[in-house]
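Since the structure comes first, as structure tokens, the remarks are kept for the end.
The values are calculated or read from the model by the stated rules, or taken from the named source; none is laboratory data. Source: prediction; values computed, not measured. Here the Cβ positions follow ideal geometry from the backbone for every residue, glycine too, while neighbour counts run over all protein chains shown. All accessible areas refer to the heavy atoms of the entire protein, side chains included, with ligands and DNA or RNA removed. Shrake-Rupley method; radii C 1.70, N 1.55, O 1.52, S 1.80 Å.
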Amino acid sequence: MEIVILAVVIAVVLVGAVSGLVIGGRRKKQLPPAERPSAAPTITTPPAEPRVGDEAETPRDESRRTIEEVDLPAAEAPEAPPAEAEPAPAAPEVEVPEPTEGRLVRLRARLARSQNALGKGLLTLLSREHLDEDTWEEIEDTLLTADVGVAPTQELVERLRERVRVLGTRTPQELRTLLREEILKLIATDAPRAVKTDNGLEAPAVVMVVGVNGTGKTTTTGKLARVLVADGKSVVLGAADTFRAAAADQLQTWGERVGARTVRGPEGGDPASIAFDAVKEGIAEHADVVLVDTAGRLHTKAGLMDELGKVKRVVEKQAPLDEVLLVLDATTGQNGLVQARVFAEVVNITGIVLTKLDGTAKGGIVVAVQRELGVPVKLIGLGEGPDDLAPFDPEAFVDALIGD
């Protein structure tokens, strides 16, 4: 009996074990495979704001690499665009200057508009029925106001008195003829008025342009180059004005417009050296004329005037100096004569260029400056145009003064 009970117990235990295995297997098939727990996210603490002053932390020693130790990716060379031939700079267009023959006659109307005080003023006074002492004093005042000068004024008044007394009746045409003749006598000179551009030598004629600041020397030099080119001359320009900013550029621009080469040096360089080189280049190129533009200088500064004399001496080591043209601003009147005297003492002035005769200038300065220096007025400037520099023609000038 005990054996039977033991067998039953064993059977029950076996049945229970088998049932547990079967149920466990079924559960494993129904449930999804367990997912692995994900790793905990790494939280990066934001960098602390930098602190300054007492709150600043002591810097920590960290190993650092220099830029040479860092391996940088190789930069790809950019693909070069196909090379294009750069266009050559266009050569400046060479102008053909206006012919100089008769240029003053063509500018006569412009000259006449600015000189009425002298010529027409005198005609009005001389046309009075009675020429008493008061009238003659007015005539003197008119001449002095027109910058004729004291000595020439007295001389002209005495001759006019005598001729009017002999003439008797005075028609307008007779007075105009009389006045024209007398003013021409004042302006007349035996010295040649043409700028000397042919010295009969193999070397070019050398012309030096001098004057005080502001008279328009560089512009006059450029315009003179146009006058000479219009007359068929080949010209080399020497930019010896090294003190005024852009003076060399200005002169070179004038030269390029008519095909004349400009010899220049550094700003602030030695003007005598540049003048020397300009004459040397003119000889090498077989040019007809070398124009040397000098720096403007106050006639009261002895050192600057001595330097001008040095430029003259250095130029003459290369070739004879044929002309020294003094540029005077006609609007300065009698003050220009003071300048002229000083320049004449330093360099041998051979001719005068009167500029700005188209403005408020008085025509009498032509008479005064010739009498003062004993040299002729050779060129006059009547405007800002490139061809407004004209050779001085006494008859055309006087005709413009007194009108038709």
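Computed values, structure above
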| quantity | calculated |
| --- | --- |
| Filter result for the condition that a residue is buried (at least 16 other Cβ atoms within 10 Å of the Cβ) and either in contact with a Leu (Cβ under 8 Å, 6 or more places away or on another chain) or polar (S, T, N, Q) (or both), over Thr189, Thr171, Thr177, Thr218 | Thr218 |
| Of all residues making up the range 127-171, the number that are more than 30 Å from Asp329 (Cα to Cα) and touching a residue at least 24 places away in the same chain (Cβ under 8 Å) | 5 |
| Among (1) more than 28 Å from Gly102 (Cβ to Cβ); (2) modelled with pLDDT under 85; (3) over 26 Å from the mean Cα position of the chain (by Cα), the one test that Thr142 misses | (2) |
| Selected residue (criterion: modelled with the lowest pLDDT) from residues of the range 317-336 that are open to solvent by less than 10 Å² (accessible area, probe 1.4 Å) and touching a Gly at 6+ places or on another chain (Cβ under 7 Å) | Leu328 |
| Which numbered condition Asn199 misses (of (1) open to solvent by less than 10 Å² (accessible area, probe 1.4 Å); (2) at pLDDT below 90) | (1) |
| Test result for Leu379, within 25 Å of the chain's Cα centre (by Cα), open to solvent by less than 40 Å² (accessible area, probe 1.4 Å) and at pLDDT 90 or above | yes |
| Residue list for the range 285-316, filter: modelled with pLDDT of 90 or more, more than 19 Å from Thr350 (Cα to Cα) and open to solvent by 70 Å² or more (accessible area, probe 1.4 Å) | Glu285, His286 |
| Filter result for the condition that a residue is under 29 Å from Gly381 (Cβ atoms) and either in contact with a His (Cβ under 7 Å, 6 or more places away or on another chain) or loosely packed, with under 15 Cβ neighbours inside 10 Å (or both), over Asp132, Asp141, Asp147 | Asp141 |
| Subset tally (residues that are in contact with a helix residue (DSSP H, G or I) (Cβ under 9 Å, 6 or more places away or on another chain), of a type in the set (Asp, Glu) and over 20 Å from Asp270 (Cα atoms)) for the range 306-352 | 2 |
| Residue, farthest from Lys312 (Cα to Cα), within the range 226-242, restricted to residues that are within 21 Å of the chain's Cα centre (by Cα) and β-branched (Val, Ile, Thr) | Val227 |
| All positions within the range 382-404 that are open to solvent by less than 10 Å² (accessible area, probe 1.4 Å), in contact with a Gly (Cβ under 7 Å, 6 or more places away or on another chain) and at pLDDT 85 or above | Leu389 |
